[in-house]
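Here is the structure we will look at.
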Amino acid sequence: MSELEQLYQELILDHYRSPRNRAPGLRGEDAHVHHSNPLCGDEMDLRVRIRDGRLDGVAFDGEGCSISQASASAMTEAVTGRPVEDVLGLVEEFRRMMHGEDPARDDDLSDALAFRGVARFPVRVKCALLGWMALRDAIETFQRGAGTHAVTHDDGGDDDDR
Amino acid sequence: MSELEQLYQELILDHYRSPRNRAPGLRGEDAHVHHSNPLCGDEMDLRVRIRDGRLDGVAFDGEGCSISQASASAMTEAVTGRPVEDVLGLVEEFRRMMHGEDPARDDDLSDALAFRGVARFPVRVKCALLGWMALRDAIETFQRGAGTHAVTHDDGGDDDDR
Amino acid sequence: MLDVAALRREFPTLQHGVGGRRLVYLDAAASAQTPRVVLDAMERYYGAGRSNVHRGVYPLAEAATAGYEGGRAALARFLGADPRGVVLTKNATEACNLVAYGHVRRHLRPGDAILSTVMEHHANMVPFWHAAEANGLELRHVPITEDGRLDLGAARELVADGRVRFAAVTHVSNVLGTINPVAELAALVRAARPDAVVHVDGAQAAPHIPVDLAALDVDSYAVTGHKLCGPTGIGALVARPELLEGMEPFLTGGEMIRDVTLEGATWNDVPHRFEAGTPPIAEAIGLGAAVGFLEDLGMDAVRAHEVELGAVFLSGLRDAPGIEVHGPEDMADRGAAISFTVEGVHPHDIGAVLGDRGVCVRVGHHCCKPLMRELGATATVRASLHVHNDVDDLEPLLEGIAAARAMFARPAVSA
Amino acid sequence: MLDVAALRREFPTLQHGVGGRRLVYLDAAASAQTPRVVLDAMERYYGAGRSNVHRGVYPLAEAATAGYEGGRAALARFLGADPRGVVLTKNATEACNLVAYGHVRRHLRPGDAILSTVMEHHANMVPFWHAAEANGLELRHVPITEDGRLDLGAARELVADGRVRFAAVTHVSNVLGTINPVAELAALVRAARPDAVVHVDGAQAAPHIPVDLAALDVDSYAVTGHKLCGPTGIGALVARPELLEGMEPFLTGGEMIRDVTLEGATWNDVPHRFEAGTPPIAEAIGLGAAVGFLEDLGMDAVRAHEVELGAVFLSGLRDAPGIEVHGPEDMADRGAAISFTVEGVHPHDIGAVLGDRGVCVRVGHHCCKPLMRELGATATVRASLHVHNDVDDLEPLLEGIAAARAMFARPAVSA
Ligand SMILES: Cc1ncc(COP(=O)(O)O)c(C=O)c1O
Ligand SMILES: Cc1ncc(COP(=O)(O)O)c(C=O)c1O
């Protein structure tokens, strides 16, 4: 497999072609954020529903390259149903993986583990992170009690890649 | 002779060692200008006395390298007694010579002709021009009737070298 | 016509293949490749006569000064300008900022307006917005027509009230490729307001079309070295010396002052007044060699080559399935940059697949977000041509696009 | 100790004699010579992988980005700083201007004061004066003692009223050679005003003495590539990231924005927010190689070499007739630049005679006019040392000075 083929392996292409939890709305949403990666033109709306401290539902929508779309899709599967603190830990896990570190929670990352190879393509790291950073922001927005519709323009939270 | 020896030929060194018309004042002065070449730290006071349209007397004083001091000295000899318009022409002649052009009035330039070689040392051109540009300024100050003590900070009038 | 096969040998980077394939470099609009002669000129400076400029009295320093000033003179000659109007900067962006800080912020006042266009690169846009915000100026943008040209009728209306005192317009669009009628636009601006200053972003024009500033009759013109086959780290603002005379110094420090006391400073002559600190010496020498290289080819020949090759690329792309090309139809009105989108595939994915095949194109918004919004796209793919490209570069491009389509085509519903 | 004979072979310029004599380069304080390894690193970029940075998705562009960011990381490591605080500029002058525009103009108000010293280079002086004029700030200058050190007692009085909110001080003087106690000065400034920002000009320090910014505890530090054995066209402001976070963008354009609409722009993260336009890519790569070269030698060894050699030069000059050396007595308090004047001979004439003999020194005011006035000189001669100098360089210097004295000695009356 060439490096590129590794990047676009079947699992990723599958999430891209058949995205999970991609929808323009989410019933009973508690927070909604809009993130964009202006350097690439990617845009993402992300909505979360939180019940009893758990991430009960998540939906994303928007435009972007295969990596950003597939990564968001894989993310939704990995995080749904988990306690929010655990979700935030997993976000951090994924972020560190994008910086080339070995992930410790392989099983929990599930399909998201397939994005490991993206770390070798620095300009694509932002794409893979887009959904995850939006998720973290949505949870924090909820935790701050900052209303349900925070809209931010951001390209990766405190992430220092470009 | 090395290039440097040409630059510092006997005639120039003689003007440097025994400057003509170097004095801190000029009896009956009509204009006095102070010029400096801040890039080198050279400073020059130049005084003129003008009678019946002629440059009746000129004196310079100040601090500077051998080239600036000698050039001013040679200048005073070349210009004293000439009609001011003629002096301005000679200033232009000298300025052009510093830009590498062949001078047309060799005889009138007199000892100042010895500075021809300075044109090959771009950073020294400003030094050789200092006295000449001060002279032009002093005459123009007089012509404007702008009082007798104009003081300017300038490093070569409209000259575009540095 | 250019002998492209011979020319390619002048560019060291093009001698390296990518995974056994010929490198197909279609990104000169982002940064041009560097010919050997430019590298040699810089190597000579660093390797045989390195020194600082403008004040040394020893021979190396005099040679460095001559080399640096020679770069300025070469650029002036290349653009038909007065060397006294050439301020060497670090890139075109600094050149635009210099005008924004030195002229716009200094001379424009509330009630005055700035004319710009919706197709400007951020470099020729944000500095003026920032100045407009600081000084309370109004911003007006010339819209574009369907085929990506400036709407001059609209422009005429925008200046009609005589309040536009400054205009910033690009000579050639880095996205659409459009060659703008800057002389005409300048005339139109000045007809409404004779003392208006017209600033042109020539970053994408100077490397590709003959430019004679004396004939264009604009007030200032920004260029950047790395697109002119020169090094990184250098650009220039090429202006009428009188414009510079009236400008406020912007970067201050050594070199740009005439005298300094603890009470204040007096400024040096133009253009040195705007070149604070140790300038990009090797870079000026390299830029001089680069414009010399282009002059030796002849800018008419460069332009003729790109017109011919551009037409081949345009029709090749238009004929391929699923590709939409932006910008003017005809090469007569456009330069060497061709932007397009591919149905159902994000530009990033196109770029990655092409890159893997040794085909280098740029994808994204190309620092033209407002234009992207006009085009209704978040990003485009851009293939751009220069002297080292030939028709053999088209096939790998089209093949790569086809491969990307095959890979990323989504079920029709989500396309 | 350094093996200077071997080291000299690393510098291409030093392989060229001048008129049959060995080149005696005593002007590293103006611009250092460039070792082969730096030229090779830049050549690799231009010749094998040239492309623009930060947005390309093809391999060349990714390599260029990695190279550019690698230069930033190398400089951060060299100075003991956080890479997020490293803004790459075109020279130290731009770095000082960045602080002046981004911080001083933004945050200081009438009633606030700036502390500086009389020994600053114009680069670390004029930008702050210009800002002071714009914002109505008071300027205070720390005087120097007889032997060219900062008068810390006077400094303490100058800050006592708590109005000094910004201080700009050089780490090593480019004229006197003095190494200033910047950590002590910073502490003194902050004792009077805890939120004061302390900016240090490290242009002459970083190439010569070990610098650990974490230990120095200053807010920002300016360096310049061409004095660090690196290329021209690059410098840096190395700051606490939090200082940068609070700073106003200064140059605007591409790369430094996050989003742009026709209504306005939002800025990118630090440090990118301050790097508008195509950055000096080859230059960053070259700078990375240059600091790597110095690290390989070891900055402790570099300093030890210069201390030893400096002592030899100092006593050689002091013992020669008619020479007055400025600055501190002892190498413990001084760096590698030695300024002096020669009785009865103007520095220009000294410089020209030396230059003719292949001895390169700088003459003039060294962009420190206020200091010149303090010293009562219009200009000085400066010999400066670096890793490639050895004791053999002293004799030609002294011989040339003697020759100049013989040539220009005037009759005693006018001397
Ligand atoms: C002490 C000091 N500060 C600042 C500078 C300015 O450096 P640059 O000209 O590279 O901006 C210099 C160099 O001339 C210097 O010696
Ligand atoms: C049209 C246009 N203007 C300005 C620029 C800015 O040039 P630089 O990044 O060299 O400052 C570019 C290049 O990206 C451009 O394409």
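Quick look at the numbers
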| item | result |
| --- | --- |
| Residue in the range C:237-260 that is part of a loop (DSSP other than H, G, I, E, B), within 14 Å of chain D (Cβ to nearest Cβ) and within 28 Å of C:ALA337 (Cβ to Cβ) present | no |
| Selection within the range C:26-41 - of a type outside the set (A, V, I, L, M, F, W, C), away from ligand 2 (no atom under 16 Å from the Cβ) and not in a loop (DSSP other than H, G, I, E, B) | C:ARG36, C:ASP40 |
| Subset of the range B:59-69 [crowded, with 23+ Cβ neighbours inside 10 Å and closer than 19 Å to B:ARG47 by Cβ] | B:PHE60, B:GLY64, B:SER68, B:GLN69 |
| Condition check for D:GLU94: within 16 Å of ligand 2 (Cβ to nearest atom) and either at pLDDT 95 or above or not assigned by TED's automatic domain parsing to the domain that holds D:PHE166 (or both) | yes |
| Tally, over the range D:198-238, of residues that are within 12 Å of D:VAL169 (Cβ to Cβ) and either away from ligand 1 (no atom under 14 Å from the Cβ) or assigned by TED's automatic domain parsing to the domain that holds D:ALA304 (or both) | 4 |
| Number of the exception - B:ASP108 against (1) at pLDDT 95 or above; (2) out of contact with any strand residue (DSSP E or B) (no Cβ under 9 Å at 6 or more places or on another chain) | (1) |
| Subset tally (residues that are in contact with a helix residue (DSSP H, G or I) (Cβ under 8 Å, 6 or more places away or on another chain) and over 17 Å from C:ALA383 (Cβ atoms)) for the range C:20-43 | 10 |
| Those strands (runs of 3 or more DSSP E) lying entirely in the range D:62-156 with at least 2 residues more than 10 Å from every other protein chain (Cβ to nearest Cβ) and within 20 Å of the chain's Cα centre (by Cα) | D:86-89, D:113-117 |
| Flag for B:GLY28 being away from chain D (no Cβ under 14 Å), in a loop (DSSP other than H, G, I, E, B) and in contact with a Lys or Arg (Cβ under 9 Å, 6 or more places away or on another chain) | yes |
| Residue list for the range C:53-63, restricted to those being crowded, with 24+ Cβ neighbours inside 10 Å and either outside the structural domain of C:ASP269 (by TED's automatic domain parsing) or under 26 Å from C:ALA239 (Cα atoms) (or both) | C:VAL53 |
| Scan of the range D:274-292 for residues that are in contact with a Gly (Cβ under 9 Å, 6 or more places away or on another chain) and either in a helix (DSSP H, G or I) or surrounded by fewer than 21 Cβ atoms within 10 Å (Cβ to Cβ) (or both), ordered by number | D:PHE274, D:ILE281, D:ALA282, D:GLU283, D:ALA284, D:ILE285, D:GLY286, D:LEU287, D:GLY288, D:ALA289, D:ALA290, D:VAL291 |
| Qualifying residue in the range C:5-12 (condition: touching a Pro at 6+ places or on another chain (Cβ under 7 Å), more than 8 Å from every other protein chain (Cβ to nearest Cβ), within 21 Å of C:GLY286 (Cβ to Cβ) and aromatic (Phe, Trp, Tyr)) | yes |
| Residue list for the range C:355-386, filter: within 15 Å of ligand 2 (Cβ to nearest atom), farther than 25 Å from C:GLU308 by Cα and among the basic types (Lys, Arg) | C:LYS369 |
| Selected residue (criterion: nearest to D:LEU98 (Cα to Cα)) from residues of the range D:261-311 that are within 14 Å of chain C (Cβ to nearest Cβ) and among the acidic types (Asp, Glu) | D:GLU275 |
| C:GLY376 being within 14 Å of another protein chain (Cβ to nearest Cβ), of a type outside the set (S, T, N, Q) and without any contact (Cβ under 8 Å) to a residue 12 or more places away in the chain | yes |
| Residues satisfying the stated conditions in the range D:201-220, i.e. farther than 20 Å from D:GLU306 by Cβ and either touching a strand residue (DSSP E or B) at 6+ places or on another chain (Cβ under 7 Å) or within 16 Å of ligand 2 (Cβ to nearest atom) (or both) | D:LEU213, D:VAL218, D:ASP219, D:SER220 |
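For (1) among the charged types (D, E, K, R); (2) closer than 23 Å to C:THR224 by Cβ, each residue gets a yes or a no:
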site	(1), (2)
C:LEU244	no, yes
C:MET256	no, yes
C:THR261	no, no
C:ASN268	no, no
C:ARG273	yes, yes
C:THR278	no, yes
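The values are calculated or read from the model by the stated rules, or taken from the named source; none is laboratory data. Everything quoted here is computed from the prediction, not taken from an experiment. Glycine gets a Cβ as well: all are built from the backbone with ideal geometry, and neighbour counts include every protein chain shown.
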